[in-house]
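Enquirer: Handing you a structure now.
The values are calculated or read from the model by the stated rules, or taken from the named source; none is laboratory data. Just so it is clear, the structure is predicted and the values come from calculations on it, not from any experiment. Neighbour counts are summed over all protein chains in view; Cβ atoms, including those assigned to glycine, are modelled from backbone coordinates with ideal geometry. Each accessible area value is taken on the protein alone, full model and side chains, heavy atoms only, with ligands, DNA and RNA left out. Shrake-Rupley method; radii C 1.70, N 1.55, O 1.52, S 1.80 Å.
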Amino acid sequence: MLRRALRTIHADKRWWHAIGLGGLFSMTLFGHPLAAGLVVEHMDNTRKGYASPLPPFYDWTTRYLMGLFAVLVDFVYFVMPLMVTGLLFFCGGLTLLMARTDEGEFGILGVIAGALIAWWLFVFLSGISAVGRLVYVDDGGPERALTGFPLRESLRRGAWRYYAKARVASLPLYIAPVVCAAAIPFVLRLDSIVGIAIAVVLGWLCSSSLVYAHVGTMLIYGEVNTELQDSPHARPLLGA
C-alpha cells in the first residue's frame, strides 16, 4: 500500500511544487487550512478517479474552506485536550502554590503531562484524524466528522483491523518530519544567523514532509476504506 501511495504521488512530475507550497502555508496558523485543503481535495479527486496530478492551487477560497473543516477535526482531538490540560495545569499550579509542596507539584504536573502525551499517541496510532477526514469526504460535509463518530468508528468491531493496517503502513511517512523537527533545536544552538536560516529551512522541510505524509496517509486509508466498504463491516452511511 505504501509503495502504491508513493507511486501515485510521484506520478505527478510537479508533486514537489504542490507539497512545498503546502508546507510553506502550513508553517503559519492562518495558512494551515490551505495545506489541509490540498489533502482533502486530493482525496476527493482520488474518489473520482483522478489521483494524479496533485490538485493545483487555483480555487483558494474553496480549498481554504475544505481545509478549515479538516483542521477542525484535528482541533477536536488534538487541541481541545491541550486546552483542558492547560486549565488543569493552571488550577493545579494555584493549588500547589498555596500548598508549597515541590514534591506534589512534580507528581500532579507529571501525571497531567503524561496523560496528554498518552492521549495524543492514542489519537495518532488509532488514526482518528484520518478516519474523520474519510468520513468528511464520504458524507460530503463535516457533521459526523466533528463529533465523536471518528473515535467510535476507528475502534468499531470489525473495522479497527482495517484502520490499524492503514496506520502501520503509513508510519514510515512520518520519519522525515520527526527527523527534521528533532534537528531544529541542535541547529539553533549555533546561535548565529546561519543557524537561524538553517532552522527556518528545516522548519519548511518539516512542514512539507508532513504535508507529503498526510497525502500519502490518506491514499493508504482511502485504499483500506474501499476494502472496508466492500466487506461485511462497511461503515454505516449518514442517516442510516
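Enquirer: For the condition on the phi < 0 side of the Ramachandran plot, modelled with pLDDT under 90 and surrounded by fewer than 17 Cβ atoms within 10 Å (Cβ to Cβ), what is the one hit in ARG152, ARG189, ARG161, ARG144?
Expert: None of the others qualify; the one that does is ARG189.
Enquirer: State the number of residues belonging to segment 6-39 that are among the aliphatic types (A, V, I, L, M) and over 14 Å from VAL211 (Cβ atoms).
Expert: Final tally of qualifying residues: 3.
Every residue, every condition in (1) part of a helix (DSSP H, G or I); (2) more than 20 Å from LEU29 (Cβ to Cβ); (3) of a type in the set (Asp, Glu); (4) open to solvent by 60 Å² or more (accessible area, probe 1.4 Å), yes or no:
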{"position": "ALA197", "(1), (2), (3), (4)": "yes, yes, no, no"}
{"position": "CYS206", "(1), (2), (3), (4)": "yes, no, no, no"}
{"position": "GLY216", "(1), (2), (3), (4)": "yes, yes, no, no"}
{"position": "THR226", "(1), (2), (3), (4)": "yes, yes, no, yes"}
{"position": "LEU238", "(1), (2), (3), (4)": "no, yes, no, yes"}
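Enquirer: Would you mind stating whether GLY104 is surrounded by fewer than 16 Cβ atoms within 10 Å (Cβ to Cβ) and either at pLDDT below 90 or under 18 Å from LEU210 (Cβ atoms) (or both)?
Expert: Spelling it out, GLY104 is indeed surrounded by fewer than 16 Cβ atoms within 10 Å (Cβ to Cβ) and either at pLDDT below 90 or under 18 Å from LEU210 (Cβ atoms) (or both).
Enquirer: Check whether at least one residue in segment 31-41 is open to solvent by 30 Å² or more (accessible area, probe 1.4 Å) and in contact with a Ser or Thr (Cβ under 7 Å, 6 or more places away or on another chain), and report yes or no.
Expert: Yes, segment 31-41 contains at least one residue that is open to solvent by 30 Å² or more (accessible area, probe 1.4 Å) and in contact with a Ser or Thr (Cβ under 7 Å, 6 or more places away or on another chain).
Enquirer: Tell me which helices (runs of 4 or more DSSP H) are completely within segment 1-60 and hold 2 or more residues being more than 23 Å from VAL224 (Cβ to Cβ) and either of a type outside the set (D, E, K, R) or in contact (Cβ under 8 Å) with a residue 40 or more places away in the chain (or both), or say none if there are none.
Expert: The qualifying helices (runs of 4 or more DSSP H) are 15-26, 32-47.
Enquirer: Right, here's the next one. Six or more apart or on different chains, Cβ atoms under 8 Å: show the pairs whose first residue is in segment 206-227 and free of Cβ contacts under 8 Å to residues at least 12 places away in the same chain and whose second is part of a helix (DSSP H, G or I) and β-branched (Val, Ile, Thr).
Expert: none
Enquirer: Would you be able to tell me the number of residues in segment 52-93 that are closer than 20 Å to TRP15 by Cβ and more than 20 Å from the chain's Cα centre (by Cα)?
Expert: 7
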